[in-house]
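K.L.:
Sharing a structure below in structure tokens format, with a few things to ask.
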Amino acid sequence: MTTVPPAASDSTSEPPRDVCSPELLRLLDDALAVADSGGAEQVGIEHIVMAMLLHARNIPVRALLDLRLDPSVVFSRLTEFARREVDAQTLTN
């Protein structure tokens, strides 16, 4: 079992590049881009799943297709959910 070292005390620091695989770093970068494009202040699980759906080779896409679900529809529904979350945050701030 691989352990991840504790995070640095600076909360703005990036994850250590030598701990994460290139695929994980790409996924996290894509999730950040998805969150940014939707106006979110933080990356949520919905942004990570949406980033996974952007790449047809990822396991979630194949699993959705096996279940006869259209990944683009799932992506659209997650986008709607994320927008509602941003709107709700905006109203409470």
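K.L.:
What number of residues within the range 15-42 satisfy the criterion of being among the acidic types (Asp, Glu) and either closer than 15 Å to LEU54 by Cβ or modelled with pLDDT under 65 (or both)?
P.N.:
Our first condition is that a residue be among the acidic types (Asp, Glu); within the range 15-42, this holds for 18, 23, 29-30, 36, 41.
From what's left, either closer than 15 Å to LEU54 by Cβ or modelled with pLDDT under 65 (or both): 23, 29-30, 36.
The qualifying residues number 4.
K.L.:
Does ALA88 meet the test of being modelled with pLDDT under 85, part of a loop (DSSP other than H, G, I, E, B), exposed (fewer than 13 other Cβ atoms within 10 Å of the Cβ) and of a type in the set (A, V, I, L, M)?
P.N.:
Numbers: modelled with pLDDT under 85: yes; part of a loop (DSSP other than H, G, I, E, B): no; exposed (fewer than 13 other Cβ atoms within 10 Å of the Cβ): yes; of a type in the set (A, V, I, L, M): yes.
Judged against the criteria, ALA88 is not a match.
K.L.:
So, ALA82, is that one part of a helix (DSSP H, G or I), at pLDDT below 90, surrounded by 12 or more Cβ atoms within 10 Å (Cβ to Cβ) and under 16 Å from the mean Cα position of the chain (by Cα) or not?
P.N.:
Values: part of a helix (DSSP H, G or I): yes; at pLDDT below 90: yes; surrounded by 12 or more Cβ atoms within 10 Å (Cβ to Cβ): yes; under 16 Å from the mean Cα position of the chain (by Cα): yes.
When the stated conditions are applied, ALA82 passes them.
K.L.:
Given the conditions (1) in a helix (DSSP H, G or I); (2) over 8 Å from the mean Cα position of the chain (by Cα); (3) surrounded by 15 or more Cβ atoms within 10 Å (Cβ to Cβ), and given that ASP36 satisfies all but one, which numbered condition is not satisfied?
P.N.:
(3)
K.L.:
Same structure again: Among the candidates LEU78, LEU64, which residue alone is free of Cβ contacts under 8 Å to residues at least 12 places away in the same chain and either β-branched (Val, Ile, Thr) or in contact with an Asp or Glu (Cβ under 9 Å, 6 or more places away or on another chain) (or both)? Explain how you work it out, then say what you get.
P.N.:
Working: LEU78 fails: free of Cβ contacts under 8 Å to residues at least 12 places away in the same chain.
Just one listed residue meets the conditions, LEU64.
The values are calculated or read from the model by the stated rules, or taken from the named source; none is laboratory data. These numbers come from a predicted model, not from an experiment. Don't worry about glycine lacking a Cβ; one is built from the backbone with ideal geometry, like all the others, and counts go over all protein chains shown.
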